[in-house]
Amino acid sequence: DRLAAADDVSLVVGGGQAGPLLEAGIRTVARLAAAPLGSGAERPPGWNGEPFADAVLRARAHRDGLVVVPKVARPAIGRADVEVDVDLESHLDDGAYLWGTLLTVRDGGDSPDEGYRAFLTWEPLPHVDEGRAFAVFWRWLMGVRDGAREAGRTFRAYCYSRSAENAWMLSSAARFGPEGTVAVVEGVPSVPEVREFVGSAQWVDVHEAVRTQFVSTAGMGLKVVAPVAGFAWRDPDAGGEASLGWYRDACAARGEERDAGRARILAYNEDDVRATRAVREWIDRRGW
């Protein structure tokens, strides 16, 4: 509260950047927001980390009551005729139990699978059935990709911050693929197959598109950016940490309580993939 009352510049920059600003006489957000951009911009001596222009834009957003603002003239993200948004749910280091997908066909065609689809196991983790769920997910995703190619359509799959999805896809391939360290599960790809896909232009990190083209006063997480894009989660407690408890409850409970817990997780996962699509469509369609 004291920092806000003083309009302290540390409200919009990291601790390592506040020092050079203070030494340059820039003590308030308003003063930083007034700094010139473009050819007239001069960063303070000792400034490190992000570009100084990003800090100025963040200060201006804070001053104007905005959360996410572009730092490039025309933000863009790659699109395709056939698109799949992907979001996984895992429980700590025990395994990934749910791969949620949202299929969108944009080129005027249609698909019987268009919409949300989940590939999952409710077996308590760790369990070999995790491999089966991943295998079904992978076959479906590659089937959509190959079907698009055969029909002369372009294809892209999207996630929000690929680090988690990449790590669990590679881990699943290592544990359950052709040379699986836990078990060999039919349909699970090899590690090289997964690496080829996640390294291709068909696998798009929406978080990366946001991080490189926007600045934010409250972080770049999906729960921050998607509401700016007009999306709202149905569950007011939606979040990764909360979902850990939901999963434990869904595994331990019985009857209606168990079914309600599972439905809550599925609704949360569906909202996450829909939020991912909302963000990339917001980037693509907004008249910047």
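What does DSSP give for the chain in terms of the percent of beta bridges that are antiparallel, rounded to the nearest 5?
75 percent
Once you keep just the Cα pairs under 8 angstrom separated by 6 or more residues, what percentage relative contact order results for segment 7-160?
It comes to 18 percent, rounded to a whole number.
Which longest uninterrupted range of the chain lacks any GluC sites (Glu not before Pro) assigned by DSSP to a loop state (not H, G, I, E or B) and surrounded by at most 15 other Cβ atoms within 10 Å? Display every interim value, and only then the final one.
On the way: sites that count: E42, E114, E179, E186.
Formally, the longest exposed-site-free interval is 187-288.
How much of the accessible area of the chain, probe 1.4 Å, is carbon plus sulfur, in whole percent?
49 percent
Per residue, how large is the accessible surface of segment 237-288? Use a 1.4 angstrom probe and give square angstrom.
50 Å²
Placing unit charges on C-beta atoms (Lys and Arg positive, Asp and Glu negative, everything else neutral), compute the dipole magnitude of segment 1-132 about its Cα centre in debye, rounded to 20. Can you show the working numbers first?
On the way: 13 positive and 22 negative charges, 236 e Å.
My answer is approximately 1140 debye.
Would you mind listing how long segment 87-173 runs along its three principal axes, going by Cα atoms, in whole Å with the largest first?
Sorted largest first, the three principal extents are 41, 24, 19 Å.
Taking the Cα centre of the chain as origin, work out the dipole magnitude from +1 charges on Lys and Arg Cβ and -1 charges on Asp and Glu Cβ, in debye rounded to 20. Don't jump to the answer; show the numbers that get you there.
Numbers: 34 positive and 43 negative charges, 219 e Å.
Dipole about the Cα centre, nearest 20: 1040 debye.
Select from segment 179-252 those trypsin sites (Lys or Arg not before Pro) which occupy a DSSP coil region and have at most 16 other Cβ atoms within 10 Å, ordered by residue number.
Working: sites: R195, R211, K223, R234, R248; in loops: R234.
When the trypsin sites (Lys or Arg not before Pro) of segment 179-252 are filtered for loop state and at most 16 Cβ neighbours within 10 Å, R234 remain.
Compute the distance in nm between two label points, each set 7 Å from the Cα along the Cα-to-Cβ direction, one at D235 and one at K71.
Between D235 and K71, the label points sit 3.3 nm apart.
What value in Å³ per residue do you get for the convex hull of the alpha-carbon atoms in segment 29-170?
Hull volume over Cα atoms, normalised by residue count, gives 192 Å³.
Give me the dipole magnitude in Debye, nearest 20, for segment 150-288 about the Cα centre, with unit charges on the beta carbon: positive for Lys and Arg, negative for Asp and Glu.
The calculated dipole for segment 150-288 is roughly 360 debye.
Can you list the residues, at least 5 places off or on another chain, whose amide H is less than 5 Å from the amide H of F214, using H built in the peptide plane?
Amide H to amide H, under 5 Å and 5 or more residues apart or across chains, F214 pairs with K71.
Based on the Cα coordinates of segment 153-247, what is the per residue volume of their convex hull in Å³?
Spelled out: Cα convex hull of segment 153-247, divided by residues, is 165 Å³.
In whole Å, what are the extents of the chain along the principal axes defined by its C-alpha atoms, from largest to smallest?
Cα extents, longest axis first: 64, 47, 35 Å.
Would you work out which of V12, L222, W168 lies farthest towards the positive end of the dipole of the chain, given +1 charges on the beta-carbon of Lys and Arg and -1 on that of Asp and Glu, about the Cα centre?
V12
Expressed as a whole number of Å, what is the distance separating the alpha-carbon centroids of segment 27-106 and segment 144-184?
26 Å
The values are calculated or read from the model by the stated rules, or taken from the named source; none is laboratory data. Remember, it's a predicted structure, so these values are computed and weren't measured experimentally. Note that we place each Cβ from the backbone using ideal geometry, even for glycine, and neighbour counts take in every protein chain shown. In case anyone asks, the SASA skips ligands and DNA or RNA and just uses the protein heavy atoms, side chains included. Shrake-Rupley method; radii C 1.70, N 1.55, O 1.52, S 1.80 Å.
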